[in-house]
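The values are calculated or read from the model by the stated rules, or taken from the named source; none is laboratory data. As the structure is a prediction and not an experimental result, all values here were calculated from the model. Heads up, the Cβs are rebuilt from the backbone with ideal geometry, glycines too, and the neighbour counts pull from every protein chain shown. Just so you know, the surface numbers come from the protein's heavy atoms only, side chains and all, with ligands and any DNA or RNA stripped out. Shrake-Rupley method; radii C 1.70, N 1.55, O 1.52, S 1.80 Å.
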Amino acid sequence: TSAALTLLGGSVAAVVVWKCLGKKMIQKKMEEARKTRDEGLKKMAKAVQQFREQVPNVQTDAILSLPLLELGERLREGSLSPKTVLYTYLQKALEVNQQTNCLRHFIPECEEQLQEIQRQEEKGLLYGIPVSIKDHIGHKGHLSTCGLVRCLDTLMKEDSVLVKVLKRQGAIPFAMTNVPQSLFSYDCSNPIFGQTLNPFNHQKSPGGSSGGEGALIAGGGSILGIGSDVGGSIRLPSSFCGLCGLKPTAERLRWVPGVWHIHLLNVGICSCPIPVPCALGPMARDVDSLALCMRALLCEEMFGLDPTVPPIPFNEEVYCSSTPLRVGYYDTDGYFPLPPCMRRAVKETRSALQAAGHQLVPFSPPRIPYVMTELYLKTFFADGGRAWLDVFTGDIVDPSVKPQVNSCKIPRLVKKLLALLLKPLVTIPPPLKDVAMISTCRSVKEMWNHHHQIQVYRSEFITQWKELHLDVVLCPVLGPAFTTGYPGKLLTAISSTMLYNILNFPAGVVPVSAVTEADEEELKLYEGCCDDPWDRKLKQAVSGAVGMPVAVQCVALPWQEELCLRFMKEVETLSREK
């Protein structure tokens, strides 16, 4: 007995020592990554300082205030040099990063690209434009971390297709921006590089997962950024930070196989990526910038590098059209009632569109509780979240994703019992806002049926759209910006954006207003669907947001990005006139 106890005690001690060593190794890796990032930023600051000494009279504020289209014209005609513009934005990016912690890494190769564009025979549509890119978008010689320690060892061997096309069009990628751990969050925090803050209010989140992009562009440190969106990851940071952002039809822009989506499959972040595809898209300060970016990317270079991208160039005629639109609208999806200011934004925009001669038609998206619980989250947690949990092996779990991680750790048998007991509740009000986390596909047959049900829902939605003869839809987007830490507690609050990932429709966000004192007073009376714990958390998350941006969402049918942008431009113009 004594020997057995001694052996047991020794085994326990060995496990404790092993775990301590593992934690020390993780801490060391994270410290090295932060050190590399900081050294890169110091080099960036030194390069800026050297430029300022060489060219002391740069009109920094004048350059930073130029809209993208005007900046592009000045660069192409030669009245501004790409070098001056690059170093102006590098300096501003450093300032914004000090306030918000939005940069994951500086791209020193931007100086090589600066030389390369001056050798190009033709000036591309993005000639001399500094561009920031989200952490996971592959750039040769750089990490694609997804905020995970396990991804700190592998440098990208080549540029992704999207980066290649940006460079071919004369753009200068200069920075990679921070993301939440594993990307499956709409906050922006990871244990390696920390929490990114909203530039307008440091108590608030910039949104996610393209939160570093949101903070950098909104703070003025970038004029154009590229994000990605699988549940709102372009649109939510755009909403929280007062930007314009477009999630295209997922297949309209793709990047080279092997860079990110295969990487995520390998590490298990997306356990079932086919039915709800990830979309890449632009983020900027105005709609014309998004249109210019899409125009530049939808080119022969893109179609040649990636034959899976349909060779459909940007349709100028549709974007520039002034034909009155037939607009469907709704201010709530019936699943997660949004704060008063977001519904006000839809109502005011609807009135402005109507006054401008457009036809407004009430539209009610079908079965959102079913879509949220049975289609969307079940896609990513079909195995009960086991594959997703695997990505945190040998890692420190960030507080922003701990609620989801803890939900996934519920024993499988308990999940099945709870799913069985609670499933009937999701089809009747109030919607059960946590059941999706415990809903699983129990067999391959059930998985195939799940895929089929997504297709059935898409057909149902398009049929309803066509019966009303709609061109586009105006609807709310989640906002205003949440206080940091709250997005992880309210995963299912993203129903307003995730719907258009399930449908794979192009959807964009446009800021139209700001939170007022009256909105804040009305929020005190907010009870949501039934004043349940999730409704109360939402109320806490968005309080204290006076002056923060308020946005709406604009949607079109698949492959109609130009129509979506044209509608966004109309909304933007009317809101600015107001």
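Side notes on the structure shown:
- Filter pass, Leu126 being in a helix (DSSP H, G or I) and surrounded by 21 or more Cβ atoms within 10 Å (Cβ to Cβ): no
- Selection from the range 25-57 of residues that are farther than 30 Å from Asp395 by Cα and either in contact with a Pro (Cβ under 8 Å, 6 or more places away or on another chain) or surrounded by 18 or more Cβ atoms within 10 Å (Cβ to Cβ) (or both): Ala47, Val48, Phe51
- Scan the range 392-408 for residues that are out of contact with any Lys or Arg (no Cβ under 6 Å at 6 or more places or on another chain), in a helix (DSSP H, G or I) and at pLDDT below 90 and the total you get is 5.
- Entirely in the range 471-578, the helices (runs of 4 or more DSSP H) that have 3 or more residues that are of a type outside the set (D, E, K, R), within 23 Å of Gln359 (Cα to Cα) and outside the structural domain of Arg285 (by the TED database): 561-577
- Gly22 passes every criterion in (1) modelled with pLDDT under 95; (2) under 29 Å from His136 (Cβ atoms); (3) open to solvent by 60 Å² or more (accessible area, probe 1.4 Å) apart from (3).
Condition check ((1) closer than 30 Å to Leu389 by Cα; (2) touching a strand residue (DSSP E or B) at 6+ places or on another chain (Cβ under 6 Å); (3) surrounded by fewer than 24 Cβ atoms within 10 Å (Cβ to Cβ)) across all residues:
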position: Thr154; (1), (2), (3): yes, no, yes
position: Val161; (1), (2), (3): yes, no, no
position: Gln181; (1), (2), (3): yes, yes, no
position: Phe200; (1), (2), (3): no, no, yes
position: Ala218; (1), (2), (3): no, no, no
position: Gly227; (1), (2), (3): yes, yes, no
position: Gly232; (1), (2), (3): yes, no, no
position: Arg235; (1), (2), (3): yes, yes, no
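- Neighbours by Cβ (under 7 Å, 6+ apart or cross-chain): first from the range 147-170, more than 30 Å from Gly394 (Cα to Cα); second assigned to a helix (DSSP H, G or I) and among the β-branched types (Val, Ile, Thr): Gly170/Ile117
- Residue within the range 463-473 that is within 16 Å of Leu338 (Cα to Cα), in contact (Cβ under 8 Å) with a residue 24 or more places away in the chain and out of contact with any Lys or Arg (no Cβ under 6 Å at 6 or more places or on another chain) present: no
Conditions (1) open to solvent by less than 20 Å² (accessible area, probe 1.4 Å); (2) part of a strand (DSSP E or B); (3) closer than 26 Å to Glu522 by Cβ; (4) not acidic (Asp, Glu), marked per residue:
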{"residue": "Ser322", "(1), (2), (3), (4)": "no, no, no, yes"}
{"residue": "Asp331", "(1), (2), (3), (4)": "no, no, yes, no"}
{"residue": "Leu338", "(1), (2), (3), (4)": "yes, no, yes, yes"}
{"residue": "Thr349", "(1), (2), (3), (4)": "yes, no, yes, yes"}
{"residue": "Leu360", "(1), (2), (3), (4)": "no, yes, yes, yes"}
{"residue": "Pro365", "(1), (2), (3), (4)": "yes, no, yes, yes"}
{"residue": "Tyr370", "(1), (2), (3), (4)": "no, no, no, yes"}
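- On the stretch given as the range 35-88, residues that are of a type in the set (A, V, I, L, M, F, W, C) and closer than 25 Å to Cys244 by Cβ total 11.
- The residues in the range 293-319 that are open to solvent by 20 Å² or more (accessible area, probe 1.4 Å) and in a helix (DSSP H, G or I) can be counted, and the count is 10.
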